[in-house]
Amino acid sequence: MREAVVWVVAGAVVIGLAGCSGGGEGGADGKGGPSASASGSAAASASAAAPAPVSLARLTAASFTDGEKVGMYTASEYALGVPLGENYTASPAVCRPLVSLTEGATAFDPVAEVHRRVDIPDEILGLTVSVQLRSYAAQGARGVMKALGAAGRACAGGFTEERAVARAKYLKVEPAKAPGVGDEARAYRFTILDVKGEEKLYEYLTVVRSGSVTLAFRAEIAGIQDVGGVPAEIVRAQWEKFRSAR
């Protein structure tokens, strides 16, 4: 089972930009293009029309709290840092979004992020789900979902997850059933070779985008059992809490 740690990055994000076009007759080149002052006015208008940023405080309010019950599961905060953080990469690099969406994983870095762990406390070797909410500037969340989709297609036949002191061989990446929430959602089933190269392990990843925020769920278990996907009650509970906190 992977070692998991948590990190929260302070910041805020601008959700979308409203574009304005400057009209008018006779620009600087005399051909009817917008003048410099018109362009400046349009940019100012677009900036003024941008929605309010999603703050770290709002993202935290939309996340599970420490000790919160989700059916038979319990949410908690990670003790030290980011699960599947910057030390986790992939070869080829296009596959990295399947490993982690942390800073550097795509061309779009999160501005704020919150990480939670959901499991059954008494089951040391049971199912663990990392729940990660991230907010992005402008169209960053859309770009992340596109990068995730490209990774799913390019890496279907497998890739290597590279860590600071170890490697993991992904044998197969398959689409899984995505939940019908948010603006878009993607889900994958991973078949992974264990560190001894003897047994196959299974993990699941579900990512939901709502506006400029992504909600990522990664389910893993310390054993060869195929859990069949991220538990629906965890996805549903987090989505409902996120939606009500907006």
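The values are calculated or read from the model by the stated rules, or taken from the named source; none is laboratory data. Since this is a predicted model, take the numbers as computed values, not measurements. Heads up, the Cβs are rebuilt from the backbone with ideal geometry, glycines too, and the neighbour counts pull from every protein chain shown. Please note that ligands, DNA and RNA were not included when accessible areas were found on the heavy atoms of the full protein model with its side chains. Shrake-Rupley method; radii C 1.70, N 1.55, O 1.52, S 1.80 Å.
Before moving on, here are some points about what is shown:
- The stretch 53-92-the stretch 106-127 distance, computed between alpha-carbon centres (Å): 4
- Under 5 Å between amide hydrogens, built in the peptide plane, is the criterion, and for residue 158 it picks out 173 among residues at least 5 positions away or on other chains.
- Rel. contact order, % - alpha carbon contacts under 8 angstrom, at least six apart, the stretch 123-246: 27
- Loop trypsin sites (Lys or Arg not before Pro), the stretch 139-202, which have at most 10 other Cβ atoms in a 10 Å radius of their Cβ (DSSP): 196
- Alpha carbon Rg of the stretch 113-178, scaled by the compact-globule rule 2.2 N^0.38 Å: 1.42
- Computed over the stretch 178-242, Kirkwood Rh from alpha-carbon pairs, angstrom: 12.8
- Accessible surface calculations at 1.4 Å, restricted to protein heavy atoms, place the stretch 121-182 at 50 Å² per residue.
- Cβ-based charge dipole, the stretch 97-246, positive-most Cα from 118, 182, 155: 182
- Accessible surface of the stretch 84-230, 1.4 Å probe: 49 percent of it comes from carbon and sulfur atoms.
- Cross-link partners of residue 177 among aspartates and glutamates (Cα-Cα below 18 Å; sequence separation of 8 or more within a chain): 203, 220, 226, 233
- Under-5 Å amide H pairs with residue 184, H placed in peptide plane, nonlocal only: 209
- At q = 0.27 Å⁻¹, base-10 log of I(q)/I(0) for the stretch 146-208 (Debye sum, equal scatterers on each alpha carbon): -1.15
- At 1.567 mPa s and 4 °C, Stokes D of the stretch 67-173 from Kirkwood alpha-carbon radius, µm² per second: 86
- FRET efficiency estimate (nearest 0.05) - Cβ-Cβ, residue 65 to residue 139, R0 35 angstrom: 0.70
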